[in-house]
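The values are calculated or read from the model by the stated rules, or taken from the named source; none is laboratory data. None of these values were measured; they are calculated from a predicted model. Cβ coordinates were reconstructed from backbone atoms using ideal geometry, including for glycine residues, and neighbour counts include every protein chain displayed.
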């Protein structure tokens, strides 16, 4: 607190403040504007107190500004120059650097998100990497909700932003990850759609002699993912041992501005690599497909594409089917034959539900579908396991009956 006193000078009251400058005590004279003549001591004292208070507040504000400036200077010296790049530019560079370390499908998904919603939002925001705050990310989440999307969509976008920002933390470009300070929304539970056995038979009739017939039936019998169906090759079929091996997949990628089917020996998880029994009906279907492809090869001659001869799912010209074509054509077939609308991936769910309905254990279904963990299978399909619910119900129904016969304990009784 600054001390001082009232002094008279040239018939005017002055507030004399004792201040320190460079460690030395000095006096500062500030006129009150009040004449000595006609001014009461009380009024003069009040003017002095106000001048002293104003000066103290002014000095505090000045010291605060100087401290903030020093902090800013320290931050500027400490901040990595790479943090000054626009956030959206950093994201694009990060994705290209991450490309060799992630699957092609993952890269494609990240690219779609960055080039779309993320780019629109952060380009308009015009913030640098070092300026991104938790509030920026929270507001971005809200824009996704405002467009009517589910929490799962927000979670996917949050994961991409967090992954990119975490790389900046590891490289010491920024000190902390602002995404870690944002609460992720609770994941919404997805209820898979599926066909009954009767609906599946109707679908099989609808796809008969259609280019998609073999894709649909393989997906239905084995619960294969779309990429796994298209990735099946003839060398995966062992007619002697009656097995079919899932070890290759086909995805869609953009090459020279065009979307093309691309094969790779990388599946979703290690458990996705699996060998299953070759069902008699599937063997018959595959042999018929083999004859059909040979017929088309003779028919089209030089016009027939010979690049994909080792693949099973080809069109009439020998071209490998694109994943998006499968999705679009499958949807068209359902509409044409007025069948219940499901996704192609829901054939996988249908396979699992039919196995459960037939009393197959959840563990066996996990292996059949190629899930990495039992919990993944249980989380998706446990609500369909009605057999287990009936067994539990029967146990509980007789649990508290008074006349229920006690089960043997194995302990001898004495008279």
The helices (runs of 4 or more DSSP H) lying wholly within segment 94-189 that contain at least 2 residues that are under 26 Å from residue 259 (Cα atoms) are 104-113, 119-125, 151-170
Given the conditions (1) more than 21 Å from the chain's Cα centre (by Cα); (2) at pLDDT 90 or above, and given that residue 170 satisfies all but one, which numbered condition is not satisfied?
-> (1)
Quick one: is residue 262 over 19 Å from residue 367 (Cβ atoms), surrounded by 13 or more Cβ atoms within 10 Å (Cβ to Cβ), assigned by TED's automatic domain parsing to the domain that holds residue 291 and touching a helix residue (DSSP H, G or I) at 6+ places or on another chain (Cβ under 6 Å)?
-> no
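Can you confirm whether segment 166-173 contains a residue that is closer than 18 Å to residue 343 by Cβ and surrounded by fewer than 17 Cβ atoms within 10 Å (Cβ to Cβ)? I'd like the intermediate steps shown before the answer.
First, the residues of segment 166-173 that are closer than 18 Å to residue 343 by Cβ: none.
Taking every residue of segment 166-173 in turn, none turns out to be closer than 18 Å to residue 343 by Cβ and surrounded by fewer than 17 Cβ atoms within 10 Å (Cβ to Cβ).
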For residue 29, which of the numbered conditions (1) touching a strand residue (DSSP E or B) at 6+ places or on another chain (Cβ under 7 Å); (2) exposed (fewer than 14 other Cβ atoms within 10 Å of the Cβ); (3) not in a strand (DSSP E or B) fails to hold?
-> (3)
Residue check, residue 310 against (1) within 22 Å of residue 203 (Cβ to Cβ); (2) under 35 Å from the mean Cα position of the chain (by Cα); (3) surrounded by fewer than 16 Cβ atoms within 10 Å (Cβ to Cβ), all met but one. Which one?
-> (1)
First in segment 91-120 and at pLDDT below 90, second anywhere and assigned to a helix (DSSP H, G or I), Cβ under 6 Å, 6 or more apart | 107/99
Name, by its number, the condition in (1) within 31 Å of the chain's Cα centre (by Cα); (2) under 28 Å from residue 263 (Cα atoms) that does not hold for residue 340.
-> (2)
Going through segment 124-150 in order, the residues found to be surrounded by fewer than 16 Cβ atoms within 10 Å (Cβ to Cβ), out of contact with any strand residue (DSSP E or B) (no Cβ under 8 Å at 6 or more places or on another chain) and more than 13 Å from residue 179 (Cα to Cα) are 124, 125, 142, 143, 145, 146, 147, 148, 149, 150
List the number of the failed condition for residue 219; all other conditions in (1) within 24 Å of residue 291 (Cα to Cα); (2) more than 32 Å from the chain's Cα centre (by Cα) hold.
-> (2)
Name the residue, out of 155, 174, that is in the same structural domain as residue 138 (by TED's automatic domain parsing), on the phi < 0 side of the Ramachandran plot and touching a residue at least 60 places away in the same chain (Cβ under 8 Å).
-> 174
